Amino acid sequence: MHAAEALPPAVTGVAPLAREQRAAVLSQLRQACLDGRVAELPRPAGLSTGYASLDAALPGSGWPLGAVTELLGDARGIGELSLLLPALVTLARSGRHVACIAPPHLPYAPALRQAGLPLERLLLIEPEGTEAARLSLWAAEELLRCPAIGAVLLWPDAIDERHVRRLQLAAETGGGCGLLYRPSQAAHHASPAALRLQLHATADGLRIDIRKSRGGHAHAVVVHPAASA
């Protein structure tokens, strides 16, 4: 099954799109994923984070594409989403979609719009019912396989190494970014993710400890939210 071919029914744009507009967006995604390619979209090797200090510390000078990145932390509202915004804006403006699956809070549309993110490129997926956790993982894997999806953000209640590996393989197929928010205790367990970052709030901004980086070395970086390029 291809991404967007049979997404759960609770798929909406954060922008108040009409039913016809939502249907058109899903139809375009379905066709792009069935084609298995998006010829007009660029496929760079890496994606700038928008923060010079963080780019300098990461192999490929940014978020790894075609790979999974884990963002580890227990606190909410410390800048864990704004950290990704410059890259998400870049992806959306290049013509790709960004998918948020089961976020703990509804993304605040005015702030996203002010940051420059085209809301028509943002998909909000909220599986419901007793199978919500399984459907969330399924949706993430299917979407990561689709070249039309630039990034998939996922907040899994629980995920094991096997599922992370499946997401990693899916990201390699689609060429996008898989971004997993996981609790800090996950750092004590092995993971096939290409990049693992520990996030801490400090008086100076957001402290980022690089716990794992393919081709790089672990060390800490402090990123100020206002430092976005």
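The values are calculated or read from the model by the stated rules, or taken from the named source; none is laboratory data. Quick caveat, the model's predicted, so the values are computed rather than measured. Reconstructed Cβ throughout: ideal geometry from the backbone, glycine too, with neighbour counts over all protein chains shown.
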Checklist outcome for this item: Expected single match for on the phi < 0 side of the Ramachandran plot, modelled with pLDDT under 90 and buried (at least 17 other Cβ atoms within 10 Å of the Cβ) among Leu206, Leu180 is Leu206
Checklist entry - Hey, among the residues in segment 94-112 that are in a helix (DSSP H, G or I) and without any contact (Cβ under 8 Å) to a residue 60 or more places away in the chain, which one's surrounded by the fewest Cβ atoms within 10 Å (Cβ to Cβ)? => result Pro110
Next on the checklist: Scan segment 213-226 and tell me whether some residue there is surrounded by 15 or more Cβ atoms within 10 Å (Cβ to Cβ), modelled with pLDDT under 90 and under 17 Å from Leu91 (Cβ atoms).
Outcome noted: no
Item to check | The one condition in (1) within 21 Å of Ala201 (Cα to Cα); (2) in a strand (DSSP E or B); (3) hydrophobic (A, V, I, L, M, F, W, C) that Leu124 fails to fulfil | outcome: (1)
Next on the checklist: Looking at segment 73-93 only, could you name the residues that are crowded, with 16+ Cβ neighbours inside 10 Å and either out of contact with any Leu (no Cβ under 9 Å at 6 or more places or on another chain) or farther than 27 Å from Ala158 by Cα (or both)?
Outcome noted: Pro86, Val89, Thr90, Leu91, Ala92
Checklist entry - Just a yes or no: is a residue in segment 120-142 within 24 Å of Ser61 (Cα to Cα) and not acidic (Asp, Glu)? => result no
Next on the checklist: Within segment 44-72, take every residue that is closer than 24 Å to Leu167 by Cα and among the hydroxyl-bearing types (Ser, Thr, Tyr) and give me the one that is surrounded by the most Cβ atoms within 10 Å (Cβ to Cβ).
Outcome noted: Thr49
Checklist entry - If you go through segment 157-196 one residue at a time, how many are assigned to a helix (DSSP H, G or I) and free of Cβ contacts under 8 Å to residues at least 24 places away in the same chain? => result 4
Checklist entry - Using beta carbons and a limit of 6 Å, which pairs, at least six apart or on different chains, have the first residue in segment 136-156 and touching a residue at least 24 places away in the same chain (Cβ under 8 Å) and the second one aromatic (Phe, Trp, Tyr)? => result Trp155/Tyr181
Checklist outcome for this item: Of Glu128, Glu161, the only residue that is acidic (Asp, Glu), over 30 Å from His219 (Cβ atoms) and surrounded by fewer than 22 Cβ atoms within 10 Å (Cβ to Cβ) is Glu128
